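Everything below concerns the one structure shown next.
The values are calculated or read from the model by the stated rules, or taken from the named source; none is laboratory data. Since we're looking at a predicted model, the values are computed, not measured. Here the Cβ positions follow ideal geometry from the backbone for every residue, glycine too, while neighbour counts run over all protein chains shown.
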Protein chains: 2
Amino acid sequence: MRTAGDFSLNDLPGAGRIDIACRCVTSSLLLSHGVRRNVSLYIHMLGEPDPPKTLLFKGDEIKYLSPDERSAGSLIKKALSMKVSRGWINSTPGVMVSRICMDELLDELSARGQLFLLREDGEDIRNIEFKGEVSFVLGDHMGLTNSQEELVRTKGAKAISVGPLSLHADQCIVIVLNEIDRTSENKFC
Amino acid sequence: MRTAGDFSLNDLPGAGRIDIACRCVTSSLLLSHGVRRNVSLYIHMLGEPDPPKTLLFKGDEIKYLSPDERSAGSLIKKALSMKVSRGWINSTPGVMVSRICMDELLDELSARGQLFLLREDGEDIRNIEFKGEVSFVLGDHMGLTNSQEELVRTKGAKAISVGPLSLHADQCIVIVLNEIDRTSENKFC
């Protein structure tokens, strides 16, 4: 995905598939007439011209997010136009951006609680017992590279699957969250 | 939702929430790098200026559908620009439009097999045994009116729920399809 805010909101797929990120924002954070305040979404972007950039969307602080793709696209465009450093820079309310590398990001997430990697050949999510804060790693339409996947696994991630068919990232997020919704009170990241 | 094709693809929410229909098309028909060939989606539209119109998206014939919202919006715009009659008129491949009323549409669907109504207080979808061809009725952001819901129930629909929280229509579709994917070979409508 493109790591600059110079794309057109009228052509989100043309911006290195920013449309995928948009749908992940919506499926992660929005309920019908409500927001998932206990969910955060990290989008780790490695595309040109200025990688890596990670966007953080926090459900407990997010504002100006409507369900349509263009609304999320607008927040992403703004965040990708910010000057970035290693720390987290505020863009719009509930949206931050950082230069953090994948290794460090995974360390942060695994330190907080359970870490899972979504893979079609993983264990059925319905057999997993979720405890405390949980994080899920999933790729875009290209999937993770072998070395990225290896890195995620070295951080202790367990491979899980949401079902028998290969789905879009945002569809996987919907199913993961539905599974979490069905368990006892969990924090979700 | 607006029942004319005179809206701008740059403002799908402004077109009487056509964005909701767009996301339902994508979540119903698209897999990662594939199409759900055994799924059809009916969008029954009652908005101004020319109600009722029903759009039919057929997974086994659909073409020119990409995962982004604007792509589905473009197909919907084209279909809503067609001259409509009581029968089904072809718009683009796999997309049809008709003047069919809700009563008649529900009769068609219930004649084909099991009919379900999505409601937050319905029985858990995981307890349902799906057999043969199945159809699911769900509302947009406004939900069904009481009389519409009553009509669906008189056609034999059983109320089911996808989980404990109130979700967007497209998110419900993702969960329903995941449930169907997990059962034995079913046709889905």
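Take the residues in the range A:140-180 that are hydroxyl-bearing (S, T, Y) and not in a helix (DSSP H, G or I); name whichever of them is nearest to the other protein chains (Cβ to nearest Cβ). Explain how you work it out, then say what you get.
The initial filter retains those residues of the range A:140-180 that are hydroxyl-bearing (S, T, Y), namely A:145, A:147, A:154, A:161, A:166.
Checking which are not in a helix (DSSP H, G or I) leaves us with A:145, A:161, A:166.
Working: A:T145: 17, A:S161: 11, A:S166: 4 Å.
Step by step, filter the range A:140-180, then rank; the result is A:S166.
Can you tell which of B:S74, B:S28, B:S40 is within 14 Å of chain A (Cβ to nearest Cβ), in contact with a strand residue (DSSP E or B) (Cβ under 8 Å, 6 or more places away or on another chain), hydroxyl-bearing (S, T, Y) and touching a residue at least 24 places away in the same chain (Cβ under 8 Å)?
Values: B:S74 fails: in contact with a strand residue (DSSP E or B) (Cβ under 8 Å, 6 or more places away or on another chain); B:S40 fails: within 14 Å of chain A (Cβ to nearest Cβ).
After applying the criteria, what remains is B:S28.
The C-beta contact set for the range B:78-94 (first residue over 14 Å from B:K58 (Cβ atoms), second residue surrounded by 13 or more Cβ atoms within 10 Å (Cβ to Cβ) and among the charged types (D, E, K, R), distance under 8 angstrom, 6+ apart or interchain) comprises B:L80/B:R2; B:L80/B:K53; B:V84/B:D50; B:V84/B:K53; B:V84/B:R99; B:S85/B:R99; B:R86/B:R99. Of the set (1) surrounded by fewer than 21 Cβ atoms within 10 Å (Cβ to Cβ); (2) more than 16 Å from the chain's Cα centre (by Cα), all apply to B:E104 but (2). Screening the candidates A:R86, A:R70 for the property of being modelled with pLDDT under 95 and either of a type in the set (A, V, I, L, M, F, W, C) or more than 14 Å from the chain's Cα centre (by Cα) (or both) yields one hit, A:R86. Can you go through A:G16, A:G34 and tell me which one is surrounded by fewer than 18 Cβ atoms within 10 Å (Cβ to Cβ), without any contact (Cβ under 8 Å) to a residue 60 or more places away in the chain and within 14 Å of chain B (Cβ to nearest Cβ)? Every option except A:G34 fails the conditions. Evaluate the range B:125-139: report whether one residue or more is touching a strand residue (DSSP E or B) at 6+ places or on another chain (Cβ under 6 Å), buried (at least 19 other Cβ atoms within 10 Å of the Cβ) and either among the small types (G, A, S) or assigned to a helix (DSSP H, G or I) (or both). Yes, the range B:125-139 contains at least one residue that is touching a strand residue (DSSP E or B) at 6+ places or on another chain (Cβ under 6 Å), buried (at least 19 other Cβ atoms within 10 Å of the Cβ) and either among the small types (G, A, S) or assigned to a helix (DSSP H, G or I) (or both).
Kindly indicate whether any position in the range B:43-62 is within 10 Å of chain A (Cβ to nearest Cβ) and under 14 Å from the mean Cα position of the chain (by Cα). It would help to see each step written out before you state the result.
First, the residues of the range B:43-62 that are within 10 Å of chain A (Cβ to nearest Cβ): none.
No, the range B:43-62 has no match at all.
When the range A:32-57 is examined, which residues are found to be within 23 Å of B:I20 (Cα to Cα) and not small (G, A, S)? Break it down into steps so the answer makes sense when it comes.
So the first thing to find is which residues in the range A:32-57 are within 23 Å of B:I20 (Cα to Cα), and the list is A:32-37, A:39, A:41, A:57.
Hits for the range A:32-57 are A:H33, A:V35, A:R36, A:R37, A:V39, A:L41, A:F57.
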